[in-house]
Amino acid sequence: MKRSKPLPERLYGSTINWEGWTFRILSSKRGLRLIDLSARPFPELAKRLGVRILPDDIPNEDAIEQLHEYLRGGRRSFDLPLDLRGTPFQLAVWDVTRTVPYGETLSYGAVASRIGNPRAARAVGQALGANPLPIVIPCHRIIGSSGGLRGFGGGLPLKERLLALERGALSL
């Protein structure tokens, strides 16, 4: 008797366009799973994640609405179910990152201190690089100890724009 392979997990995919950037949103039945800031096509994301993606905005309605509100400057935090996957260290870093208030920044070293490992600033950077939910888990608010911008999955121009949005520096 031939054993069949289990079907890949089904995720629901949506697209948001904002000021020339394209974001892909993926969710499972449990909650928001991924915000891809690189506009990768759904088939590429599906292959990378080992899932099946169904383009469907209905399961993502709340995420789409809240992201649009944020990008228009009308939302400061998110109230969405999340389907986070990560190591205990990554989850701790992401939890601290979620506490950084709108319009404020924190250094990688300060995040490391808050998780009880003050010498882990580089590891914090790696954990933030693996953050599956940028914007919702606002890793753009984490900066270098000198105040300079460091890596961001969507690129430094997007990081700079999101920080400017939160500072109210640009008219919307």
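Side notes on the structure shown:
- Condition check for Ile142 on (1) touching a Cys at 6+ places or on another chain (Cβ under 6 Å); (2) in contact (Cβ under 8 Å) with a residue 40 or more places away in the chain: one failure, at (1).
- Within the range 97-135, considering residues that are closer than 26 Å to Arg24 by Cα, among the β-branched types (Val, Ile, Thr) and in a helix (DSSP H, G or I), the one farthest from the chain's Cα centre (by Cα): Val124
- Residue check for Leu7: assigned to a loop (DSSP other than H, G, I, E, B) and in contact (Cβ under 8 Å) with a residue 12 or more places away in the chain: yes
- Test: Arg48 is charged (D, E, K, R) and assigned to a loop (DSSP other than H, G, I, E, B): no
- Some residue of the range 1-18 being in contact with a Gly (Cβ under 7 Å, 6 or more places away or on another chain) and either at pLDDT 95 or above or basic (Lys, Arg) (or both): no
- Taken as a whole, the condition of being assigned by TED's automatic domain parsing to the domain that holds Glu160, more than 14 Å from Gly151 (Cβ to Cβ) and in contact (Cβ under 8 Å) with a residue 40 or more places away in the chain applies to Thr105.
- For His140: the one exception among (1) under 30 Å from Glu61 (Cβ atoms); (2) in contact with a Ser or Thr (Cβ under 7 Å, 6 or more places away or on another chain): (2)
- Taking the listed residues Arg52, Arg40, the one that is closer than 19 Å to Gly153 by Cα and modelled with pLDDT of 95 or more is Arg40, with no other qualifying.
- Residues satisfying the stated conditions in the range 18-27, i.e. closer than 15 Å to Asp57 by Cβ and either in a loop (DSSP other than H, G, I, E, B) or not charged (D, E, K, R) (or both): Thr22, Phe23, Ile25, Leu26, Ser27
- Test: residue in the range 112-124 that is buried (at least 21 other Cβ atoms within 10 Å of the Cβ), modelled with pLDDT of 95 or more and out of contact with any helix residue (DSSP H, G or I) (no Cβ under 7 Å at 6 or more places or on another chain): no
- Matching residues in the range 31-75 - criterion: being surrounded by fewer than 15 Cβ atoms within 10 Å (Cβ to Cβ), of a type outside the set (Gly, Ala, Ser) and touching a residue at least 60 places away in the same chain (Cβ under 8 Å): Arg72
- Whichever residue in the range 132-155 is buried (at least 20 other Cβ atoms within 10 Å of the Cβ) and modelled with pLDDT under 95 and, among such residues, is farthest from Leu67 (Cα to Cα): Phe152
The values are calculated or read from the model by the stated rules, or taken from the named source; none is laboratory data. The shown structure was predicted, so the numbers you read here are calculated from the model rather than taken from an experiment. All Cβ positions, glycine included, derive from the backbone under ideal geometry; neighbour counts span all protein chains shown.
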